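Read through the structure below, which is laid out as structure tokens, and then see the notes.
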2 protein chains.
Amino acid sequence: MSSSTSDVIAIALAAMLALGTATQLSAQSEPLSARESDPKVMGWMQGFPPPPDKLITQPDSNYFSFPKLRWSVCHLREFLPTEEISRGLGAPVPLPYPSPAEFAALAREIDALTFTPLNASEAMTWEESLYANYTDGMLILHKGQVVYERYFGCLEEGGKHAIMSMTKSITGLLGEILVAEGVLDDTALVRDVIPEIGDSAFATATVRQVMDMTTGVQYSEDYSDPNADIWLYSRAASPLPKAADYSGPDGYWEYLQQVPPDGEHGEAFHYKTINSDMLGWIISRVTGEAVTDLASDRLWTRMGAEQDAYQTVDGKGVPFAGGGVTAGLRDLGRLGQVMLDRGEINGQRLFPAEVVETIAAGGDPSKFAGFPTIPNGSYTSQWWVFHNDHGAYAARGVHGQTIYVDPTAEMVLVRLASFPRAQNGFIDPTSLPAYQAVAEYLMAR
Amino acid sequence: MSSSTSDVIAIALAAMLALGTATQLSAQSEPLSARESDPKVMGWMQGFPPPPDKLITQPDSNYFSFPKLRWSVCHLREFLPTEEISRGLGAPVPLPYPSPAEFAALAREIDALTFTPLNASEAMTWEESLYANYTDGMLILHKGQVVYERYFGCLEEGGKHAIMSMTKSITGLLGEILVAEGVLDDTALVRDVIPEIGDSAFATATVRQVMDMTTGVQYSEDYSDPNADIWLYSRAASPLPKAADYSGPDGYWEYLQQVPPDGEHGEAFHYKTINSDMLGWIISRVTGEAVTDLASDRLWTRMGAEQDAYQTVDGKGVPFAGGGVTAGLRDLGRLGQVMLDRGEINGQRLFPAEVVETIAAGGDPSKFAGFPTIPNGSYTSQWWVFHNDHGAYAARGVHGQTIYVDPTAEMVLVRLASFPRAQNGFIDPTSLPAYQAVAEYLMAR
């Protein structure tokens, strides 16, 4: 394989790996609107076969760029090898709903809610925000009951959507469960858990520093730099055969064995995806299970899930613990509800309450910087903690994915989206105040 | 991509495409036994990471050769892009079982049944045949109730297994349903359904000839010939980016557009996988649905399935209608039960009874030759019909896959396996008489 073919895949994978950072909210030319870029309107992959200009294929380097990504976020398994996160074989436990009349009345009231976006002067309605954010799915649970549910674009009730870096939060949750159970020592050094990490900068970090992304490890995601680490990581991760002249790391784990240092461990939070894959490796080493199987055993089979989820894998079958999961909207709602209810769902305890307490308490905001839309935040066990009045925390993924848990309002909100730009900093202004508005509405209900 | 890298994948795909023919039952050196080659014994993919000599990867051209295939048959999605055949979101309908005591007693009695393999003089027990056939899963339903169920090798209750050319029988069943419903005219010429089939030899075949594989189309599977059609088909089908110098067909459907003639349509049965993909294309054209979605709508969501199935796709997302499905053992049992009960399951009718009547009646055995273990057989709508005393018919796939329906004994038997050699002709001698023995046992029960 020539390096150019390899690069085609690396580019697409790199797009999937993209950071959630947004230190600059720069302007750019106006993209197609949510309605204009709806994949059904665009006609992607319609027809047997689709016309050539409507085909989206793996060899196409643009399959994960806007507007094609609005189709691809629901179809990753058609491009890449994957592993299943099984829900098991039993009956799903349906989420509770109000009566149809009450549900419709709630939808009307929530759609009409108004809020003022960050850095804006004009108010916007909730429903307008769904289109502004290129929403594909929106689910809101209040006190465990579904109070709002809508599908757009490529997503439908029986479909699944890439959750991008929300994958990290599943990995982090599994790690925190293992810590609470005494299976994983978060004060241990990585090299004590995985001796073959060798001279990698990860060797001397603690498991906790990996979980909280306060390691001092080099990992650049400057897409304009052809030598940026993101490219090497993407090439290592590609499940395609390596080029004959390729001599770099093969797979996520070989990459982690050669990471140079960058700063001191423990000094500051740096959002770097390689920490999540390091944590995934640690988890598999101490449990003897792939993160997919562990997510199935500990979460999907025990929360009444209605769909299997799946996770992309590298060329050696290692799941992408930093961003590879695709799942159903309501199952992500179940996961959020487990968090809100501190480890319980359907009358069953899945893990100790302290797991959620540790995550929700957050870390030291003084170590956290670079996210203007989360000014007082922190990042703990791969979850974003807002340190706001409601004690909210969230899983977040590029292009607008979120599971937002508001313990004060007893609200869980899941948004799946295909926003044209990757960084959530562009989407937060019309999202975070909207979540606060609906939380306040539900509290006053 | 160099053609050598492309060939690596083509070889693996070709292995998956392998024919069910066995005109010669030649001897070969003794392979590892079923117990010796158990993937858990071999240690494939154990450890995080596995040792290099225990890794099975997509770039590894041997991933679908014995003994590695004993692991790979349960893990195809980890190598290849796939599409889901959704079971839907509701509760599965459990299959009925006898009491545990009765189930265990049945197991003991069935295991001890004896039969004489074809062309043999010494008898063998049922249980011995399971190992002789490298069985991964065996399920027997009698009058709709599970009377026997065992898992071996890579398969377990919650797992899935490649069903190889049994995929064809799903495609054929969907085609027959559409014929019965008047959506598909089986007397039409292919070119009238798909005008862009152009000058392909398929153009002048009828839909029925495609369904029954009596077309006169060139398709050679002589693996020793580097110019055999199987290689071109496998290269066309590979989901990997094509080599820069590749100028052949891209995907299953482009391949079908350039098939040369070989003999006259309608004269004789020739087992050629390209017919199944031709039928898949016809089905998608007349329904506007991918075969995966149609299998979900018509079968998986309506038979109480407990697991989603999935199907491998080419580089354009077209499901491999001739061999790409992976599914759970019990769901294949449900499918067999639907056939036995002529379109009904769980008190619901899925399709008209005439669909099964057409298939079970079989075709003209005088057009059928080349399968010494099925001397009086025929092939109708992609199902094998034995024309034996019990009116049995079957779906069959290489390396020992079968759904065997015996209407006289009211028995459905599903075997999933990873026999070292592809052709069922090698496995039939210890299988077909065993099925007859268990059928007679159940009838006398």
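The values are calculated or read from the model by the stated rules, or taken from the named source; none is laboratory data. Please read these numbers as outputs of a predicted model, since none were measured by experiment. Methodologically, a virtual Cβ is constructed for each residue, glycine included, from the backbone with ideal geometry; neighbour enumeration extends over all protein chains shown. The accessibility values were calculated without ligands, DNA or RNA, using every heavy atom of the protein model including side chains. Shrake-Rupley method; radii C 1.70, N 1.55, O 1.52, S 1.80 Å.
Quick notes on this structure:
- Ligands, DNA and RNA left out, the 1.4 Å accessible surface of the range A:113-236 is 45% carbon and sulfur atoms.
- Area buried, chain B against chain A - accessible surface, total, 1.4 angstrom probe, square angstrom: 3500 Å²
- When the solvent-accessible area of the range B:378-445 is split by element, carbon and sulfur atoms take up 48 percent of it, the probe being 1.4 Å.
- Per residue, the range B:186-276 exposes 39 Å² of solvent-accessible protein surface, assessed with a 1.4 angstrom probe and all protein chains in place.
- Delta accessible area of at least 40 Å² on complex formation, residues of the range B:26-70, 1.4 Å probe, chain isolated as reference: B:F48, B:P49, B:P59
- Counted charge near A:L432, where neighbours are those whose Cβ lies closer than 15 Å (Asp, Glu -1; Lys, Arg +1): -2
- Along its first, second and third principal axes, ordered by size, the range B:186-276 spans 41, 29, 18 Å in Cα coordinates.
- For the range A:89-162, alpha-carbon Rg and Dmax in angstrom: 14.6, 51
- Listed residues B:G323, B:G336, B:G47, most fluctuating in chain B (Gaussian network, C-alpha, under 10 Å): B:G47
- Measuring heavy-atom accessible area with a 1.4 angstrom probe and counting protein chains only, the residues of the range B:311-335 that give up at least 30 Å² relative to the chain alone are B:G315, B:K316.
- Rel. contact order, % - alpha carbon contacts under 8 angstrom, at least six apart, chain B: 25 percent
- Alpha carbon Rg of the range A:98-226, scaled by the compact-globule rule 2.2 N^0.38 Å: 1.56
- Convex hull volume of the Cα atoms of the range A:160-314, normalised per residue: 128 Å³.
- Counted charge near A:Q145, where neighbours are those whose Cβ lies closer than 14 Å (Asp, Glu -1; Lys, Arg +1): 0
- At 7 Å out from Cα toward Cβ: B:A244 inter-copy label distances (nm, ascending): 1.3
- Chain A: calculated mean residue ellipticity at 222 nm from DSSP helix runs of at least 4, using -39500 (n - 2.57): -8500 deg cm²/dmol
- Shielded residues, the range A:238-252 - accessible-area loss of 10 Å² or more between chain alone and all protein chains, probe 1.4 Å: A:P239, A:L240, A:P241
- Residue-count net charge about B:Y219 - beta-carbon cut-off 9 Å; Lys, Arg +1, Asp, Glu -1: -2
- Between copies, the label points of A:R349, set 7 Å from Cα on the Cα→Cβ line, lie 5.3 nm apart, reported in increasing order to one decimal in nanometres.
- Dipole magnitude for the protein assembly as shown: about 620 debye, using +1 per Lys or Arg Cβ and -1 per Asp or Glu Cβ, origin at the Cα centre.
- Here, chain A yields an orientationally averaged convex hull projection of 21.0 nm² when only Cα atoms define the hull.
- For the cross-link pairs B:K68/B:K316; A:K168/A:K316; B:K168/B:K316, the ones whose C-alpha atoms lie over 22 Å apart are B:K68/B:K316.
- Estimated vicinal HN-Hα couplings, Hz - the range A:221-238 in sequence order (Karplus 6.51, -1.76, 1.60; Gly, Pro = x): 10, 7, 5, 7, 9, x, 9, 4, 4, 3, 6, 5, 4, 5, 5, 4, 7, 4
- Result for chain B in a Gaussian network model with C-alpha springs under 10 Å: among B:T326, B:T380, B:T430, the largest mean-square fluctuation is at B:T430.
- Along each principal axis, Cα extent of the protein assembly as shown, largest first, Å: 82, 58, 55
- In order along the range A:326-333, phi translates into HN-Hα couplings of 10, 8, x, 4, 5, 5, 5, x Hz, rounded to whole numbers, per the Karplus curve 6.51 cos²θ - 1.76 cosθ + 1.60 with θ = phi - 60° and x for Gly and Pro.
- Note, ³J(HN,Hα) from phi for the range B:297-312, Karplus 6.51, -1.76, 1.60, rounded to Hz, x at Gly and Pro: 4, 8, 10, 5, 7, 10, 10, x, 4, 9, 9, 5, 9, 8, 9, 5
- Database remark: amide H of A:D136 closer than 5 angstrom to the amide H of A:L416, A:A417, A:S418 (H placed geometrically; neighbours at sequence offset of 5 or more, or on other chains; Pro and chain starts carry no H).
- Fraction of accessible area attributable to carbon and sulfur, the range A:309-353 (%, probe 1.4 Å): 38 percent
- Residue of B:M124, B:M339, B:M164 that the Gaussian network model of chain B assigns the largest fluctuation, springs spanning Cα pairs under 10 Å: B:M124
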